[in-house]
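Written out below as structure tokens is the structure these notes cover.
Every read-out reported here was derived from the displayed coordinates using simple, explicitly stated rules and does not represent laboratory data. Computed from a predicted model, the values in this text were never measured in an experiment. Please note: Cβ atoms are built from the backbone with ideal geometry, for glycine as well, and neighbour counts cover all protein chains shown.
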Amino acid sequence: MKEELKNLVEMATEEAKSIKTENDYLNIKSKYLGKKSKLSEYMSSLKDMTVEDKKKYGPLFNKIKNDLEALFTNYYENAINGEEKITFDPTIPADEKNGSLHPVTIVAKEITDILKNIGFMVLEGPEMESDYYNFVALNVPKNHPARDMQDTYWLDNGALLRTHTSPVQARAMEKYGAPIKMCVPGRVFRNEDLDASHENTFFQLEGMVIDKNISISNVIYVMKGMLREVFKQDVEVRLRPGFFPFVEPGFELDCSCTICNGKGCPTCKNSGWIELCPCGMVHPEVLKMSGVDPEEYTGFAFGLGLTRMAMMKYKISDIRGFNSGDLRFLDQFNVR
Ligand code: DAH
């Protein structure tokens, strides 16, 4: 009898491993524990046993019954839980960790929204640009020394990677004429050595207004208002004369370094100021070349350093994080 019971338990234990579905579970239960099972037969034979055997086998049968039942249930539960894990349930909410906008995208949107509110069009231009639009139309003819101001990536096809967003000034004037108010956020390229504040690929935001009676006070007003909106506070700014062939007069608009609060750090090259936005009055030659009469119209333009602006706003001290694709950097700007 003992040998038979041992075999029974071994067989049941082996078979329990193949429980995958509810059907398997019910079948194996009925086979080993049901009314017609071997174990039931043994149990009903108890009544014909001697008192001594009854005492010996009664508890043993019960224990086997309980153990097998627990074993089958256990295998069954594991099987269905495992199944649940690989079941595709489209109603489960998506993973918490969504992507976020790039800091430059956030700042670009903020500024273009501000400018749109005061009537600026938002335009785009090609990143692969012609010599004409990148230089000639901006009053930088071939062999002009001002070409050396921007280290250019020249392409095999004679075109170049635009070194600034200013070429869109000429494209916009050709297309829309005057008066015009437009801005252009975009990526630009320069053959620069990389350090904490220089990248070879960065972002600018060009702005231009051409109308009657425009003066430099208009550009100062627009720039100050915009900086106040972006930084949610009055940021200190200063104007210095600056030279750019496509504006006359030209200026450099600097803002106090928000990383060191003007005390001096590697990002501002210890000066306490960040060159943020060169600007000026559009050169009459530039107007003329794009078909706008400089006798009738004047205009201002600015070329905001968008990447710098994002560094100031988010107190990012090293420009190299922007293009790194490093999620530890990008995850900090959890805005969608
Ligand atoms: N395009 C110039 C640069 O990248 C910046 C610039 C200067 C843009 C003066 C302007 C401007 O619109 O008026 O260096």
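Do any cysteines of the chain lack a neighbour Cys whose Cβ is under 4.7 Å away, and which are they?
Taking the Cβ cut-off of 4.7 Å, the unpaired cysteines of the chain are Cys183, Cys255, Cys277, Cys279.
What FRET efficiency, computed as 1/(1 + (r/R0)^6) with R0 = 41 Å and r the Cβ-Cβ distance, is obtained for Leu5 and Ala94, rounded to the nearest 0.05?
Values: r = 54 Å, r/R0 = 1.31.
Computed FRET efficiency for Leu5 and Ala94: 0.15.
Please work out the Kirkwood hydrodynamic radius for region 2-81, using every pair of different C-alpha atoms, and report it in angstroms with one decimal place.
Radius from the Kirkwood sum: 13.2 Å.
Give me the one-decimal nm value for the distance between modelled label points at Glu77 and Lys288, 7 Å along each residue's Cα-to-Cβ direction.
A separation of 9.0 nm, rounded to one decimal place.
About its Cα centre, how strong a charge dipole does the chain have in debye, to the nearest 20, once Lys and Arg get +1 and Asp and Glu get -1 at the Cβ?
Working: 42 positive and 49 negative charges, 243 e Å.
Its charge dipole is roughly 1160 debye.
Under the rule of -39500 (n - 2.57) per DSSP H run of 4 or more residues, summed and divided by the residues of the chain, what mean residue ellipticity at 222 nm is obtained, to the nearest 500 deg cm²/dmol? Don't skip to the answer; put the middle values down first.
Details: 11 runs with 134 residues, N = 336.
Value at 222 nm, helices only, nearest 500: -12500 deg cm²/dmol.
Could you check the spin-label model distance between Arg328 and Leu194? Points 7 Å from the Cα along Cα→Cβ, value in nm.
Between Arg328 and Leu194, the simple spin-label model gives 1.6 nm.
Helix 22-33 versus the longest principal axis of the chain: what is the Cα-based angle in degrees, 0 to 90, to the nearest 10?
20
Pairs to check: Lys181/Lys263; Lys17/Lys47; Lys20/Lys55; Lys288/Lys313; Lys116/Lys142; Lys263/Lys315. Give those whose C-alpha atoms are more than 26 Å from each other in this structure. Walk me through the numbers on the way to the answer.
Working: Lys181/Lys263 37 Å; Lys17/Lys47 33 Å; Lys20/Lys55 37 Å; Lys288/Lys313 37 Å; Lys116/Lys142 35 Å; Lys263/Lys315 14 Å.
Correct reply: Lys181/Lys263; Lys17/Lys47; Lys20/Lys55; Lys288/Lys313; Lys116/Lys142.
Assuming 0.36 nm per residue, please report the length gained on full extension of the stretch Lys116 to Lys212 beyond their Cα-Cα distance.
On the way: separation 96, 0.36 × 96 = 34.56 nm, distance 2.01 nm.
Here the segment from Lys116 to Lys212 would lengthen by 32.6 nm.
Among Tyr297, Tyr176, what is the fewest-to-most ranking by other Cβ atoms within 10 Å? Don't skip to the answer; put the middle values down first.
Values: Tyr297 20, Tyr176 14.
Going from least to most buried by this count: Tyr176, Tyr297.
So for the pair Lys35, Ile220, with labels modelled 7 Å out along Cα→Cβ, what separation do we get in nm?
10.3
Within region 197-241, report the trypsin sites (Lys or Arg not before Pro) that DSSP leaves as loop and that have at most 14 other Cβ atoms within 10 Å. Don't skip to the answer; put the middle values down first.
Details: sites: Lys212, Lys224, Arg228, Lys232, Arg238; in loops: Lys212, Lys232.
Those that pass, being in a loop and sparsely packed, are Lys212, Lys232.
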